[in-house]
């Protein structure tokens, strides 16, 4: 059963068509990858889904309800959370308090949120750093904090925008393990990433955008062998 459906979504910025009649669907429990060159429209699509942008045409449905035009807060309340390319954290807050902010999307007060926050900190590997200001974290722990804060909202669908950008190979493997555990917990994942090691190892399907249009969709091996994808994004060197 589809959890999210994007139907003929178009988004323009002046004369630039950032998304051109994009269609896609995400099934409950799967991991969908989204790849493409810089400027292909990947983050714009995320912004349309999460209410930061309103598309000029087309509709977005989540859990069988129409969410086109809802505010980011309303979308989050319905069960969609996201991370950002540049981790957005409350730098003056501790790790614990930052995750608590996300938990208050559901909990009525801090006392109710506290047990859930501690569970998420343990799950994400941040419990020993719960009292550290967010601004003092390493890059990989900031990425973990972004994931933890998003998970605290209790999402059904989690959108990840370049979650391993800037990480070394060991850190990438750690995050891959965390994403697999998130999926096992019942959260559906929609992942934008340039690091093909991550996408190829966790995605059930991959969609490719180029100049705002979907040019390919399929299983990872099918997409990497697609001539259009090779020419637009991967290059012959990757295939070799």
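Of the residues making up region 107-132, those that are in contact with a helix residue (DSSP H, G or I) (Cβ under 8 Å, 6 or more places away or on another chain), surrounded by fewer than 17 Cβ atoms within 10 Å (Cβ to Cβ) and farther than 20 Å from residue 174 by Cβ are 110, 114, 118, 131.
Here the condition is being touching a helix residue (DSSP H, G or I) at 6+ places or on another chain (Cβ under 9 Å), at pLDDT 95 or above and on the phi < 0 side of the Ramachandran plot; of 45, 19, it holds for 19 alone. Counting the residues of region 166-206 that are surrounded by 18 or more Cβ atoms within 10 Å (Cβ to Cβ), free of Cβ contacts under 8 Å to residues at least 40 places away in the same chain and either more than 16 Å from the chain's Cα centre (by Cα) or farther than 25 Å from residue 138 by Cα (or both) gives 2.
Can you pull out every residue in region 48-62 that is part of a loop (DSSP other than H, G, I, E, B), under 14 Å from residue 74 (Cα atoms) and in contact (Cβ under 8 Å) with a residue 24 or more places away in the chain? Matches in region 48-62: 50, 51, 53. Scanning region 157-165 turns up no residue that is touching a residue at least 24 places away in the same chain (Cβ under 8 Å) and over 14 Å from the mean Cα position of the chain (by Cα).
For residue 144, the stated conditions do not hold, so it cannot be described as part of a helix (DSSP H, G or I) and more than 20 Å from the chain's Cα centre (by Cα).
The values are calculated or read from the model by the stated rules, or taken from the named source; none is laboratory data. A quick note: this is a predicted structure, and the numbers were derived from the prediction, not measured. Counting neighbours? That spans all protein chains shown, and the Cβs are built from the backbone with ideal geometry, glycine included.
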